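Chemist: Here it is: the structure, laid out below.
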Amino acid sequence: MASEQRLPQRPRGAAAPRPAKRALGSKAETARKRKTAKKCGSPVIPYLTVRDATASLAFYEQAFGFKSGETLCLPDGGLIQVVMHHAGAVAVKFSPEGAWSGSMKAPATSGAENPIVLYVPCRKVDDLTERARTAGANIASEPEDMFWGERVARIVDPDGYVWCFAAKRGKFDPRKIPRVAEEIQPPEPEAQHTQPADMEPQQAQSSDLDFEF
C-alpha cells in the first residue's frame, strides 16, 4: 500500500506567503483611479490664443490666482506656450498669436463674439471678482445667486475670453426661473393717407418679411 504523501512544511521563522493581488476593478483599484483622475484634472483643457503670452500669464496670476506651470520659450526668450494650474490641476494652456504659423486670433483682436464660456468652480466668488477687478478685468456680470443653485460671476479677460466663476449655493429651484416680463406687442398701424385723385397709384413694394403677430 502506497505511503501517504505529506505537504512540505514552512520552515520556522519564514514569512507567510502574501495573498494574491486583487483583480482590476476592485474597490482599491477604483479608488486609485479616482485619486489619479482628481490629481490630473479634467481631460479637456482649453488651449487659448492670446495677444501677449507674458501679459496673459501675469493677468491670470493676479486676477484669478492661477499658478504658472511649464513654459516653452523661443531663443530670444519670448513665450511660445504657457501652462497654468488651478486647484492643483492644469486649468488652461495658451500661446500668442502667430506662435505656430497659424491665423487664429484672440477675440479682442478679431472683434468676433466669443462663442464659449470658460467655467471654473470657485468657493469665494465675491472675493475673486474684486481681485479680478483690481487686476483690470472687465466684470461682465456681478456675483449673483442663480436659480440653478449657484452664485455666479462672469469676467472678461483682456483677450476677450469670458470666464464664469461659480460657487455652489443650493439646489435647482424651478420656481425662481425668470419669466418674460412682456409679450411682444404688434407694431402700431401706420396712418392711412388719402391720395389725391390726380396722382397715379403707386405700386406696392414687395417685402421679404413674412410673419404674423
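The values are calculated or read from the model by the stated rules, or taken from the named source; none is laboratory data. Quick caveat: nothing in here was measured; it's all calculated off a predicted structure. FYI the Cβ positions are ideal-geometry reconstructions off the backbone, even for glycines, and counts take in every protein chain you see.
Chemist: Evaluate the following for VAL83: is it modelled with pLDDT of 90 or more, over 17 Å from ARG154 (Cα atoms) and out of contact with any Ser or Thr (no Cβ under 6 Å at 6 or more places or on another chain)?
Modeler: Against the criterion (modelled with pLDDT of 90 or more, over 17 Å from ARG154 (Cα atoms) and out of contact with any Ser or Thr (no Cβ under 6 Å at 6 or more places or on another chain)), VAL83 qualifies.
Chemist: Ok, one more. Could you identify the single residue in ALA63, ALA106, ALA53, ALA91 that is more than 22 Å from CYS164 (Cβ to Cβ) and surrounded by 14 or more Cβ atoms within 10 Å (Cβ to Cβ)?
Modeler: Exactly one of ALA63, ALA106, ALA53, ALA91 is more than 22 Å from CYS164 (Cβ to Cβ) and surrounded by 14 or more Cβ atoms within 10 Å (Cβ to Cβ), namely ALA53.
Chemist: Would you tally the residues in the range 134-147 being surrounded by 15 or more Cβ atoms within 10 Å (Cβ to Cβ) and either charged (D, E, K, R) or assigned to a loop (DSSP other than H, G, I, E, B) (or both)?
Modeler: Qualifying residue count for the region: 3.
Chemist: Also: For the range 66-82, what are the residues that are buried (at least 19 other Cβ atoms within 10 Å of the Cβ) and touching a Lys or Arg at 6+ places or on another chain (Cβ under 8 Å)?
Modeler: VAL82
Chemist: Another question, if that's okay. For GLY160, indicate whether it is exposed (fewer than 14 other Cβ atoms within 10 Å of the Cβ) and assigned to a loop (DSSP other than H, G, I, E, B).
Modeler: no
Chemist: Taking the range 91-116 only, how many residues are of a type in the set (A, V, I, L, M) and out of contact with any strand residue (DSSP E or B) (no Cβ under 6 Å at 6 or more places or on another chain)?
Modeler: Within the range 91-116, residues that are of a type in the set (A, V, I, L, M) and out of contact with any strand residue (DSSP E or B) (no Cβ under 6 Å at 6 or more places or on another chain) number 3.
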